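Structure record follows, encoded as structure tokens.
The values are calculated or read from the model by the stated rules, or taken from the named source; none is laboratory data. Please read these numbers as outputs of a predicted model, since none were measured by experiment. Cβ placement follows ideal geometry from the backbone for every residue including glycine, while neighbour counts extend to all protein chains displayed. Just so you know, the surface numbers come from the protein's heavy atoms only, side chains and all, with ligands and any DNA or RNA stripped out. Shrake-Rupley method; radii C 1.70, N 1.55, O 1.52, S 1.80 Å.
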Amino acid sequence: MIFHCLCVCTLLSDSKEGVKNSMLVTWSTANKTESVVEYGLWGGKLFSHTAEGDASVFIDGGPENRTMYVHRVTLTDLTPAASYVYHCGSDAGWSDIFYFTSLNESVSFSPRFALFGDMGNENPQSLSRLQKETQMGMYDVILHIGDFAYDMHEDNGRIGDEFMRQIQSIAAYTPYMTCPGNHEWAYNFSHYRSRFSMPGHTENLWYSWNIGPAHIISFSTEVYFYLEYGLDLLFRQYDWLQADLQEANRPENRAQRPWIITMGHRPMYCSNDDGDDCTHFQSYVRLGRNDTKPVAPGLEDLFYQYGKRIALFCFHIMERKHPKYTFKSLFFCTLSIYVWFCLVQGCREKHDGFIPKPRDWSAFRSTDYGYTRMRLINGTHLYLEQVSDDQVALACVCVSVCVCVCVCECECE
């Protein structure tokens, strides 16, 4: 019995960790079976190629100790920017037929993204629109920035099974890149670590990859909060981030990919009214923790030092922010932190509210359900649209590398 089929991109900034011209397909079954993907070019002979992989055993930490087999198969030597048809499974049972477009690996490629977080089985308000737009070919990559299913471990993992079936209509057609959120905490994030297949060797907790003119870094904000799982993760991630940013900022690399984009679940700044970490000046994510031995470093100075362009976060609200550093807005040309977004798709926890008076670095706030569309136009400009599913409207922002923000009016088609 096949629970879900999910393809993800495996490209990395360091080709030693990834496989060029490849796509990774992941699915799970209740019983041990072979791991096979049959595929072929769109319009060619159906299933002209076969790839085999392996399966790992995942045992849920709930009282039933439910067991599932997570299958992973890498499709290699794909023609860049070509469309493929595939299905996954074995002679014991096959999935439906899906299709995807392999990644265009040119640095002049202008990729299109859908960005969101906080997607639950209950109240996934934007899901139907995302399903339609994905299958229309509007996106090259999906970024899910933390909080899945609400929660994947519940009902002995059956909520996670249902969630993976739910997102199959998106993730089986377009690379689905993720980062962990606080709702993945159970059993040391075991469902998140096991169900997804991100690049690198950190069980999906942090990784980076290149696409078009951008270097994209996914990291875990949760290492600052769930210290019961070990302080070592926090320091390992920090050291990795520092090394990755250093490599991305080498002149020859920055010339090819001037956009450095990070994605993590909990923001460093927000004007929420819920008292979460981002509402405090002494934010753990921003400044680190002084109550650990050794003291745990925060991320703001590190990101500022290496000239990050865009930070993407997701935590129950949508808030676009001016460039800022140490709680001060930077209304001038800078190579440091640019525009910060919080994006919410829809879940059972509904919305958070805002404090009545926004901070001076808060450019736009909304409690509407929705998601963001982003396109990297070239090495100096990108375009963002915030889609409101409550108002069926868009808030559009054009961003260049010199803190030039222009707001435009547009309508959903």
Write down the percent of antiparallel bridges among all DSSP beta bridges whose residues are both part of region 72-155, to the nearest 5. 50 percent
What residues from region 55-87 fall in the zone where the backbone N is under 20 Å from a label point 7 Å along the Cα-to-C-beta line of residue 20? 74-83
Using a probe of 1.4 angstrom, how much of the accessible area of region 135-205 is carbon and sulfur, in percent? 48 percent
Using 0.36 nm per residue, how much length does the chain from residue 92 to residue 229 gain when fully extended, once their Cα-Cα distance is taken away? 45.5 nm
Quick check on packing: order 153-161, 274-282 by the mean number of other C-beta atoms within 10 Å, highest mean leading. 153-161, 274-282
Using a Förster distance of 30 Å, how high is the FRET efficiency between residue 273 and residue 165, based on the Cβ-Cβ distance and rounded to 0.05? 0.30
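Using a 1.4 angstrom probe on heavy atoms only, work out the carbon and sulfur share of the accessible area of region 13-112 in %. Numbers along the way, then the final one.
Values: 2400 of 5110 Å².
Looking at region 13-112 in its full context, I get 47 percent from C and S.
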For residue 52 and residue 31, what does the FRET efficiency come to when R0 = 22 Å and r is the distance between their Cβ atoms, rounded to the nearest 0.05? 0.80
In debye, nearest 20, what is the charge dipole magnitude of region 224-306 about its Cα centre with +1 on Lys and Arg Cβ and -1 on Asp and Glu Cβ, if you could check? 300 debye
Take residue 136 and residue 305, extend 7 Å from each Cα along the Cα→Cβ direction, and tell me the distance between the two endpoints in nm. 4.5 nm
